[in-house]
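See structure below.
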Amino acid sequence: MSEESETKGKQELVKVTIDDQTIEVPKGTTLLHAAMKLDINIPTLCFHESLPPQGSCRVCVVEITDKTGKWTWIDASCVYPVSEGLSVQTQSPNVIKHRRAIIELLLSRAPKSEVLLLLAEKYGANPTRYTAIDKGEANCILCQLCVRTCNEIVGAQAIGTAERGLHKKVISPFSIAKENCIGCTACIHVCPTGAIVAKLGKESFEIEDWGVDLKMATCSCCDKPFAPTVHLEKLKSQVNLKNQLWEMCPECRRSANKVGTPYSPII
């Protein structure tokens with residue numbers, strides 16, 4: 001292999017200092033990931049490892065100084081790529097001031113969020129300083145993790161955003177998601193504020209705000225509802241397994257597997 005090919009095959013490393021700790025990381029690494037490598041905690045709400053960062057919540061802001069030491073500014077660490085010689089502070093007075101203001105604004109939209117209330121306590125934010133147009137009834141900070149998960153990972157395309165500015169909100173097309181929603185609950189798991197509430201009944205799975213009402217499948221062994229029927233049908237089309245497996249809840253599949261049946265857990 002030529003020297004030129006070896007150089008191209010190697011990742012270019014850059015040196016960055018975060019909270020007085022210096023580390024070399026591949027070019028293009030975000031400041032947030034560089035901080036993670038140093039076990040430095042930076043709060044995040046809209047960040048998820050499964051999705052490209054988008055910097056919508058701004059809670060992860062840090063104070064950045066260029067290599068000359070002449071310029072200092074505040075930016076979101078989840079989207080800012082490292083460059084040679086940067087110096088970063090994650091808990092400076094300026095960072096604390098900005099995070100406090102951001103948390104207060106987010107709390108106006110999601111006043112009941114346990115995560116935000118804990119952050120407010122940590123950074124000395126006033127939970128009632130601002131009031132949103134909807135008075136925080138939606139409890140949503142528009143991080144769009146639910147929308148991006150549904151569209152980019154699950155591929156259901158069941159929800160999106162509507163309106164603009166102060167009136168922007170997450171909603172299903174024509175306020176009816178049941179035509180596309182498969183009840184996978186991925187949106188619920190990634191929501192940082194608990195804004196998405198589902199009701200699981202004996203025969204149905206509901207998300208009232210989006211008009212979702214799905215029929216539940218019941219376990220052939222214990223008769224417990226364990227998954228929306230449409231979700232199982234989608235899995236069947238993607239995974240080739242014996243039909244009996246789809247008729248059992250995860251607990252019964254595990255129990256059956258322990259006693260030596262040919263069934264094995266799939267969830």
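The values are calculated or read from the model by the stated rules, or taken from the named source; none is laboratory data. Just so you know, these numbers come straight off a predicted model, no measurement behind them. Every residue, glycine as well, gets a Cβ built from its backbone with ideal geometry; the counts of neighbours run over all protein chains shown.
Does GLY136 meet the test of being at pLDDT below 85 and touching a Ser or Thr at 6+ places or on another chain (Cβ under 7 Å)? If you could, list the steps in order and put the result at the bottom.
Values: at pLDDT below 85: no; touching a Ser or Thr at 6+ places or on another chain (Cβ under 7 Å): yes.
No, not satisfied.
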THR44 vs. criteria closer than 21 Å to CYS191 by Cβ, surrounded by 14 or more Cβ atoms within 10 Å (Cβ to Cβ) and under 20 Å from the mean Cα position of the chain (by Cα): yes
Selection from region 56-94 of residues that are closer than 25 Å to ILE141 by Cα, within 23 Å of the chain's Cα centre (by Cα) and buried (at least 19 other Cβ atoms within 10 Å of the Cβ): CYS57, ARG58, VAL59, CYS60, VAL61, VAL62, ALA76, SER77, CYS78, TYR80, THR90
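Taking the stated definitions as given, is ILE64 assigned to a strand (DSSP E or B) and of a type in the set (A, V, I, L, M)? First the steps, then the outcome.
On the way: assigned to a strand (DSSP E or B): yes; of a type in the set (A, V, I, L, M): yes.
Against the criterion (assigned to a strand (DSSP E or B) and of a type in the set (A, V, I, L, M)), ILE64 qualifies.
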Extreme residue, nearest to the chain's Cα centre (by Cα), among residues of region 96-154 that are of a type in the set (Gly, Ala, Ser), farther than 20 Å from ARG164 by Cα and assigned to a helix (DSSP H, G or I): ALA120
Pairs, first touching a residue at least 12 places away in the same chain (Cβ under 8 Å) in region 98-121, second assigned to a helix (DSSP H, G or I) and of a type in the set (Asp, Glu), C-beta under 8 Å, six or more apart: ALA120/GLU104
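For (1) among the small types (Gly, Ala, Ser); (2) more than 21 Å from LEU106 (Cβ to Cβ), each residue gets a yes or a no:
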| residue | (1), (2) |
| --- | --- |
| CYS140 | no, no |
| ASN151 | no, yes |
| GLY155 | yes, yes |
| ILE159 | no, no |
| LYS169 | no, no |
| CYS187 | no, no |
